[in-house]
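Bear in mind that the values in this text are calculations on the coordinates, not laboratory data. Predicted model only: the values in this text are computed from it and were never measured. In this analysis, Cβ positions are derived from the backbone assuming ideal geometry, glycine residues included, and neighbour counts consider all displayed protein chains.
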Amino acid sequence: MLGAIEAGGSKFVCGIGATPADLITTQIPTTTPAETLEAVVEFFRREAGRDLEAVGIASFGPVDPHPGSPTFGYITCTPKLGWRGTDVAGTVGRGLGVPVGFDTDVNGAALAEARWGAARGFADFIYLTVGTGIGGGAMVNGKLLHGLLHPEMGHLRIPHDRARDPYPGACPFHGDCLEGLASGPALRARWTMAPRELPPAHPAWALEAEYLALGLHNLVCTLSPRRIVIGGGVLHQPCLLPMVRAELARLLNGYIEAVEIVEEMESFLVLPELGDRAGVLGALVLAEEAAGRS
């Protein structure tokens, strides 16, 4: 058996199984680190016991994903109160006595979409989620991009016309970065209602499409992905994706002479196929790697 954990700011999704078809999951509310991780360890002890071979964790962040680092498996400078400096991977590994694979939640989702979802067959793609925050993972030559720590695509700085949009931004670190301007909390704060309550004709969506397209323009020009998978709660508004596609094409203005951009934008910028399961399924891939499976 393998264990999979999607560690989120509001809940931990824990699963046991070997494949997406047989993965059995439960949810544990995210409270304090000690209380939450104790409940997580107890779930795996109770449900899997000695049959557990390894655990994968796809966590909210920022995190330290480098195995050679003294803080590997830690959540680092997160704005989530009480969780900064929490040794998530170490606590789970010691509690269960098994190897632990660890990465960001968006990198986990990228792994899952590459294996079973909308990025199958692509060695170079980007996964971006737009919800409570904005985060992204990049696959380059078939491997996740980590570099110094891991990509923080939600914190790209993008043009902000304060005369047109005086909202200062929701990010506690950068104010009006991409996440600060285009995340779900930014939409709620700016328009005083949740994104799901905004009607399709609301001016919020044109501004949202512009901000997301500005961020994607930067990613297309720097990482040159063959596909972008974009999901998250904000993308549940059906009108948004076509608007982002059109705005991205306008911003690129013919500079990227690739058929995927010029003629096949609907196949270039796509929704995820795994939905809410992407994170925990990515953690299953991390568990496979921790167990030494190819």
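Summary of values
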quantity: Loop-located chymotrypsin sites (Phe, Trp or Tyr not before Pro) in the stretch 203-265, at most 14 other Cβ atoms within 10 Å (DSSP); calculated: Y255
quantity: GNM top mover of G108, G90, G282 - the chain, alpha-carbon springs below 10 Å; calculated: G90
quantity: The stretch 55-199 pair-distance distribution - Cα-Cα, 10 Å bins, rounded %; calculated: 11, 34, 33, 18, 4, 0
quantity: Where the Cα pairs of the stretch 194-259 fall when distances are cut into 10 Å bins, in %; calculated: 19, 52, 23, 5
quantity: Counted charge near T30, where neighbours are those whose Cβ lies closer than 9 Å (Asp, Glu -1; Lys, Arg +1); calculated: +2
quantity: Long-range amide H partners of R227 with built H, under 5 Å; calculated: I126
quantity: Helix-derived mean residue ellipticity, 222 nm - over the chain, DSSP H n ≥ 4, -39500 (n - 2.57), to 500; calculated: -10500 deg cm²/dmol
quantity: Longest segment of the chain lacking GluC sites (Glu not before Pro) that sit in a DSSP loop with at most 12 other Cβ atoms within 10 Å; calculated: 1-256
quantity: Karplus (6.51, -1.76, 1.60) ³J(HN,Hα), θ = phi - 60°, over the stretch 239-250, in Hz, Gly and Pro reported as x; calculated: 6, 6, 4, x, 5, 5, 4, 5, 5, 5, 4, 5
quantity: Percent of C-alpha pairs per 5 Å bin, the stretch 156-268, short to long; calculated: 2, 12, 22, 24, 19, 12, 7, 2, 0
quantity: Charge sum, other residues only, whose C-beta stays under 13 Å from L251's C-beta, Lys/Arg counted +1 and Asp/Glu -1; calculated: 0
quantity: Within a Gaussian network of the chain (alpha carbon springs, distance under 10 Å), most fluctuating of M139, M193, M153; calculated: M193
quantity: Within the stretch 156-232, trypsin sites (Lys or Arg not before Pro) in DSSP loop having at most 13 other beta-carbon neighbours inside 10 Å; calculated: R162, R164
quantity: Hydrodynamic radius of the stretch 1-93 per Kirkwood, over alpha carbon pairs, in Å; calculated: 13.4
quantity: Per-selection Rg to Rh, the chain - Cα, Kirkwood hydrodynamic radius; calculated: 0.98
quantity: Distance from the stretch 43-121 to the stretch 156-185 (C-alpha centre basis), Å; calculated: 29
quantity: Test item: Cα-centred dipole of the chain, Lys/Arg +1 and Asp/Glu -1 on Cβ, debye; calculated: 340
quantity: Karplus 3J(HN,Hα) series, Hz, for the stretch 32-45 with 6.51 cos²θ - 1.76 cosθ + 1.60 (x for Gly, Pro); calculated: 7, x, 4, 5, 5, 5, 5, 5, 5, 4, 5, 4, 5, 4
quantity: Residue among A109, A209, A34 with the largest mean-square fluctuation in a Gaussian network model of the chain, springs linking Cα atoms under 10 Å; calculated: A34
quantity: Environment charge at T71 (Cβ cut-off 11 Å; Lys +1, Arg +1, Asp -1, Glu -1); calculated: -2
